[in-house]
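Quick notes on the structure that follows.
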Amino acid sequence: MPAGRTVSVESRSPFPWISSIAWVASLASLGLLLVVPPAARAEEPSGLQAALALEQVLEKAIASAERSVVSIARVRKGEGQQAIGFAQPFGPPVINQNENDRTPLNPNFIPNEFATGVVVDASGLVLTNFHVTDRDSCDHYVTTSERKVFKTEVIAGDARCDLAILRVVEKPTPTDFVPMKLGNAKTLKKGQIVITLGNPYAIARDGQVCASWGIVSNLARKVARRRSVREDPEMLHELGTLIQTDAKLNLGTSGGALINLRGEMVGLTTSLAAVSGYEQPAGYAIPIDDTFLRIINTLKAGREVEYGFLGIYPENLLAEQIRGGRTGIRVGQVRPATPARRAGLLEGDVITHVNGDPVHDTSDLRLHVGKLPAAATVNLTVDRAGEVGVAQVHLAKFSVNSNPKVPRVVTIKDPAWRGLRVDFPSSVLGPDQLNESCDGAVAVAEVEPESPAYEAGLRSSMLITHVGTTPLDTRDDFRREVAGRKGPIELTVVGQAGEHYTITVPETVAPKKK
């Protein structure tokens, strides 16, 4: 370019800002951009200022959530305060003079069975882990951040999800219980800062919960299974649901809150995942997601939590198939009279997706199905000998009723019809007792003594195939057919040898002769 000649960049381009960006980029690539001296830059925050800013965020998050967390004391019925190993540092044993001295109503009472809870309703509903409750042999007390103590009762609980709801016995004032603000665990990522609020070693027995903080270490973790598979069925958390955090979770923090920096609860902390005898560098929490919310709303109503049931024996793919890039699980045996059989699934099929979510192993399948409620419709992507299609399946109900090793608490049952309650055969009989007679039938779940159904001869575990001449397939079919009917009703039942016969259920029970 000749000396002294100037060229207008703007005259060469109708988009001068593009040329300007290119010009700046060119100078930058040549290292010719002027470096602004430090004195000319805006003053950057110091390390202390950054730490103080984070400190303020933590303080605000804790302050916004701590009123919604309570301490829980469990007191054995009929027992006073017992000597406990870690009580001595707090002073000499208390001499109990009256009933209140033996409960948290006495400020000096030190429980040796304790946990944490989260307020989920202003009426006095508290969420905690099911494993910290003992409805039959214990009384449960909660202490709020205002140091108020309330006796509670367990209105609903379920061991498979390890969640329970306590309700205060006496009606609280409108300001006694502040519901926790719920977040969404689906948005969590590894590395996010989280805070735990709990009652470690009963130190928060005055209601002033303790805080700890850390990061999200991982997601969708599986709790270590400490029981024989034959002894107890799986909990959902053994299939891979839990949030893992490096925040310290000591004994007593089960049922506490895992909150984000906005003060929203994203998980319910649990110590059940700890393996006894080993140092625990990680804590776990049940995530706040759609499954969690469905279960909590069911428990708040005092009702039974239901889980979906498919009806297959799933098998993991062979190692060489997985190394070859194949995903999914292989369908083993298909049980009779199950949703899988009715949907046409065959042994050897490969299920690759559940409602569009990929399936990597048998735990994935059981979790995807188990998180859904009974009677839900699910779409399974199935690979059958290289041909891929979608099977629509109407789920039955996972067997909890038939398994005494999966305890639960239900205080509100569905209304009985003439003393009779029915359910899915898979739930009442259990999957191993299903046979062809169960197809197109409902099972008798409960018969109230001295009711019309009982007097007619109906008993638990019987199968009903028809109401009058109308065939049945689901419990909703039964409820719909008997609703509003008057007078005697004929039901077709299945006998022990598979024969069908009729039982007539009267509308009322005839008075017994004296």
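Going by the conditions given, is Ala376 farther than 30 Å from Arg326 by Cα, of a type in the set (Gly, Ala, Ser) and surrounded by fewer than 19 Cβ atoms within 10 Å (Cβ to Cβ)? No.
Taking every residue in segment 108-123 that is aromatic (Phe, Trp, Tyr) and pairing it with any residue that is in a loop (DSSP other than H, G, I, E, B), at least 6 positions away or on another chain, the pairs with Cβ-Cβ distances below 8 Å are Phe109/Gln81; Phe109/Val94; Phe109/Thr103; Phe109/Arg205; Phe114/Asn199; Phe114/Arg205; Phe114/Gly252.
Could you check segment 421-474 and list, in sequence order, the residues that are in contact with a Phe, Trp or Tyr (Cβ under 8 Å, 6 or more places away or on another chain) and not polar (S, T, N, Q)? Val422, Phe424, Pro431, Val442, Ala443, Val447, Glu448, Ala453, Ile464, Val467, Leu472 - these are the residues of segment 421-474 that are in contact with a Phe, Trp or Tyr (Cβ under 8 Å, 6 or more places away or on another chain) and not polar (S, T, N, Q). Where helices (runs of 4 or more DSSP H) sit wholly within segment 395-514, none has at least 3 residues that are crowded, with 21+ Cβ neighbours inside 10 Å, out of contact with any strand residue (DSSP E or B) (no Cβ under 8 Å at 6 or more places or on another chain) and of a type in the set (Val, Ile, Thr). With respect to the conditions (1) buried (at least 24 other Cβ atoms within 10 Å of the Cβ); (2) outside the structural domain of Met235 (by TED's automatic domain parsing); (3) at pLDDT 95 or above; (4) not aromatic (Phe, Trp, Tyr), Asp176 lacks only one, and its number is (1). Within segment 450-470, residues that are touching a residue at least 60 places away in the same chain (Cβ under 8 Å) have Cβ atoms under 9 Å from residues that are polar (S, T, N, Q) in no pair, counting only partners at least 6 apart in sequence or on another chain.
Apart from one condition, Gly252 fits all of (1) more than 17 Å from the chain's Cα centre (by Cα); (2) of a type outside the set (A, V, I, L, M); (3) surrounded by fewer than 22 Cβ atoms within 10 Å (Cβ to Cβ); the exception is (3). Quick test for you: out of Arg326, Arg366, Arg341, Arg303, pick the one residue that is farther than 27 Å from Thr196 by Cα, basic (Lys, Arg) and buried (at least 20 other Cβ atoms within 10 Å of the Cβ). Only one candidate qualifies: Arg366.
Of all the listed residues (Gly348, Gly332, Gly267), the sole one being assigned to a loop (DSSP other than H, G, I, E, B) and not hydrophobic (A, V, I, L, M, F, W, C) is Gly348. Kindly evaluate Val350 against the criterion of being of a type outside the set (Gly, Ala, Ser), outside the structural domain of Ile295 (by TED's automatic domain parsing) and closer than 27 Å to Ser427 by Cβ. Taking the combined requirement at face value, the residue does not satisfy it.
Looking only at residues in segment 460-495 that are of a type outside the set (Val, Ile, Thr) and farther than 28 Å from Glu306 by Cβ, which one is nearest to the chain's Cα centre (by Cα)? Here the residue is Gly495. Checked against (1) free of Cβ contacts under 8 Å to residues at least 60 places away in the same chain; (2) in contact with a Gly (Cβ under 8 Å, 6 or more places away or on another chain), Pro431 passes all but condition (1).
The values are calculated or read from the model by the stated rules, or taken from the named source; none is laboratory data. Just so we're clear, the structure is a prediction, and the values are computed from it rather than from any experiment. Note that we place each Cβ from the backbone using ideal geometry, even for glycine, and neighbour counts take in every protein chain shown.
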